[in-house]
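The next block holds one structure in the form of structure tokens; read it before the comments.
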Amino acid sequence: MLIYVKDPAALIRHLLGHVKPDGVVAFQDLDWGEGPIANPPSPLLSQAWGTVKEMFKRAGLNNRMGLSLHGAFVAAGLPAPRMGLFAPAGGGADFDGYDYMASGLRSNLPHIVKLGVATEADLALDSFAERLRSEVVAMHGVFALPTFVGAWSRRQPG
């Protein structure tokens, strides 16, 4: 959720008022990285990835929030967090990543259109998952979804 917040450190600082001393503060957020991890590269996946990155850029938000959690925790006054990351990956006809990417585009569609990144017709979301599946399967490819990064720390007493 912090990926959609202009000042994540301020929000974390505010939420610290609801955490007991020595209580755990934990967030998991997305990191869209510089581009998709795919082998071989998928033109449709690269286009979708670029659309989302441009949406975040035009909105003034950080598409790298996952790896930015460390800085947000420290700026909020927490000790440096422990962190971990996970990126679902796969290929083949049954990989659910095609639908995940289509769903992510669909949920961000109002922002994509409002910010002038693309039109609904440009994205053709009704067929996006199938087009991506066909492209990746035809290339015997695989790709990783955006990385999920988790961070946790403890509120210091006092």
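Please treat every number below as a calculation from the coordinates, not as lab data. What you see is a predicted model; the values in this text were computed from it and never measured. Methodologically, a virtual Cβ is constructed for each residue, glycine included, from the backbone with ideal geometry; neighbour enumeration extends over all protein chains shown.
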- Note on the structure: Taking r as the C-beta separation of Ala75 and Lys114 and R0 as 25 Å, the FRET efficiency to the nearest 0.05 is 0.30
- Can you list the HN-Hα couplings for the stretch 141-151, worked out from phi with the Karplus curve (6.51, -1.76, 1.60; θ = phi - 60°), rounded to whole Hz and with x for Gly and Pro? x, 9, 8, 9, 6, x, 6, 9, 10, x, 9
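Return a whole-number percent for the relative contact order of the stretch 16-158, with Cα pairs under 8 Å and 6 or more residues apart as the contact set.
48
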- According to a simple spin-label model (label point 7 Å from Cα along Cα-to-Cβ), what is the distance in nm between Gln47 and Ser127? 1.1
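Taking the Cβ-Cβ separation of Glu34 and His14 as r and a Förster radius of 22 Å, what is the calculated FRET efficiency to the nearest 0.05?
Efficiency for this residue pair is about 0.10.
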- Query: Between the helical axis of 43-59 and the dominant principal axis of the chain, each derived from Cα atoms, what acute angle in degrees is found, rounded to the nearest 10?
  - Reply: 40
- Task: Along Cα→Cβ, 7 Å out, is where each label goes; now give me the distance between the ones at Ala87 and Gln156 in nm to one decimal.
- Result: 3.4
- Query: Taking R0 as 22 Å, what's the FRET efficiency between Val24 and Tyr100 from their Cβ-Cβ distance, rounded to 0.05?
  - Reply: 0.20
